[in-house]
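Asker: Take a look at this one; I'll ask things after.
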Amino acid sequence: MHRVLRTSLGVAWLGSRSMPCIKSEEQIESNSSLKNSMSEFRILERQKENEPLTLVDFAAMEADLCGPKLKFIFFGETHTDSVAQDLEILTYKKLTEQSSRNINNFGFFQPKRKRWALALEFLSRDKQDFVNQYLKSTEIPVSSLFLEYTDALRYGPITALAKERGSAIIAANASKRFVTYVSHYGPDVLNKIAQKGEDTDLLPPIPYPSKPLSAAYAQRLLTVWPDNQVNNQRRNNLIASQCLWDATMAHSVLRHQQNTGDAIFLVCGRFHIEYFLGIIDHIEHLLQTPFGQALSFERQEFRVIVAIPLPAEQFDQCENEHWNTMRHHPLLQSLADFILFTRQENQAFHAAEEEHTTK
């Protein structure tokens, strides 16, 4: 399977604010500038291998993502990018609109579409029981699901939307304590935990691949932790902890899909999925194990979306000719199925760059 090639893909622009804000579903839906203004966002789509990217609008991306064969959508963002988070909400809203059974004008039920579960990097597996309680309760505030106030601001709206739509919410990531164990003591510490039968439901299959599963991802991780900054053992442990994040999120979405048949919309940091690496590597690995042999992950069944913030000054100077040049940029050709460039005020952009380069 060629995981990068597919038959139809695209790029669009998005708006930006310097401070995070919570928008209601109605505000997002009625924000015409978010959906239509070319002054605020752009989307490039990868439609065919070895051909330039195509500049598309949100409606074209929506049409592709709502296709009947899709089972997985991976949306990678920079966590300080409020524009990308608005797009996540709008995209998920469009997906879930397709999930309900409605009566058409002739009084007949239309065919029921697949249900789209929401998976979040920002919720760890040890929170899943509490997430399930939230879905059943009318008294638990969505903010209580998140450890950080900023996470509640950024991802509370899409979480509340998933609940409103009757969707499952997957606490997808590795528990912080396991990541800390691995970063300090190495991946073998999880073997000891698994042998004792402790918290095995919170872990991917152990032993997990604690080294990058592709040479390309290994090279990317070396740029995060170069030789002159950390010693070999420390770097190996940090890479193993990154792989634990990837392995856990990959296992979380596959396990839920296996158990429920739901399609899954995963929101995570863009480093985890750029160039179809990281989480995608681990999904392909799991498909070769007894756990995943009965699962399907064909190229027409998933899409990768990556949102890239640009400083406002650069974004505003980008005329059509510049975007035509970007369509041919070699580093973008295999980055994702859809690349979303978002306009960021300078303060927000510098925060985003710092976050991405220190991932």
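Asker: When only residues in the range 171-227 that are acidic (D, E) and in a helix (DSSP H, G or I) count, which is farthest from D151 (Cα to Cα)?
Answerer: Start the filter on the range 171-227 by keeping residues that are acidic (D, E), which leaves 188, 198-199, 201, 227.
Going one step further and asking which of them are in a helix (DSSP H, G or I), we end up with 188, 201.
Working: D188: 31, D201: 25 Å.
Filtering first and then ranking leaves D188.
Asker: A follow-up question, please. Being closer than 30 Å to N173 by Cβ, in contact with a Pro (Cβ under 9 Å, 6 or more places away or on another chain) and of a type in the set (D, E, K, R) is the filter here; which residues of the range 278-332 pass it?
Answerer: Across the range 278-332, the qualifying residue is only D281.
Asker: Among the residues of the range 59-102, write down those that are of a type outside the set (D, E), over 25 Å from S296 (Cβ atoms) and in contact with a Ser or Thr (Cβ under 7 Å, 6 or more places away or on another chain).
Answerer: S82, V83, A84
Asker: Counting only residues that are at pLDDT 90 or above and more than 14 Å from the chain's Cα centre (by Cα), which one in the range 91-114 is nearest to A168 (Cα to Cα)? Spell out the reasoning first.
Answerer: From the range 91-114, those at pLDDT 90 or above are 91-97; that's our starting set.
Subset that is more than 14 Å from the chain's Cα centre (by Cα): 93-97.
Values: K93: 14, K94: 16, L95: 14, T96: 11, E97: 15 Å.
That would be T96.
Asker: With the checklist (1) part of a strand (DSSP E or B); (2) more than 22 Å from E121 (Cβ to Cβ); (3) at pLDDT 95 or above in hand, flag the one item L55 doesn't pass.
Answerer: Answer for L55: the failing condition is (3).
Asker: Just wondering, is there one or more residues in the range 69-83 that are free of Cβ contacts under 8 Å to residues at least 40 places away in the same chain and part of a helix (DSSP H, G or I)? Break it down into steps so the answer makes sense when it comes.
Answerer: Residues of the range 69-83 free of Cβ contacts under 8 Å to residues at least 40 places away in the same chain: none.
Within the range 69-83 (the criterion being free of Cβ contacts under 8 Å to residues at least 40 places away in the same chain and part of a helix (DSSP H, G or I)), the answer is no, since none of the residues qualifies.
Asker: A further question on this structure: Of these, E284, E321, E301, which one is without any contact (Cβ under 8 Å) to a residue 40 or more places away in the chain and on the phi < 0 side of the Ramachandran plot?
Answerer: Details: E284 fails: without any contact (Cβ under 8 Å) to a residue 40 or more places away in the chain; E301 fails: without any contact (Cβ under 8 Å) to a residue 40 or more places away in the chain.
Criteria check complete, one pass: E321.
The values are calculated or read from the model by the stated rules, or taken from the named source; none is laboratory data. Remember, it's a predicted structure, so these values are computed and weren't measured experimentally. Quick reminder, even Gly has a Cβ in these numbers, built from the backbone with ideal geometry, and neighbours come from all protein chains shown.
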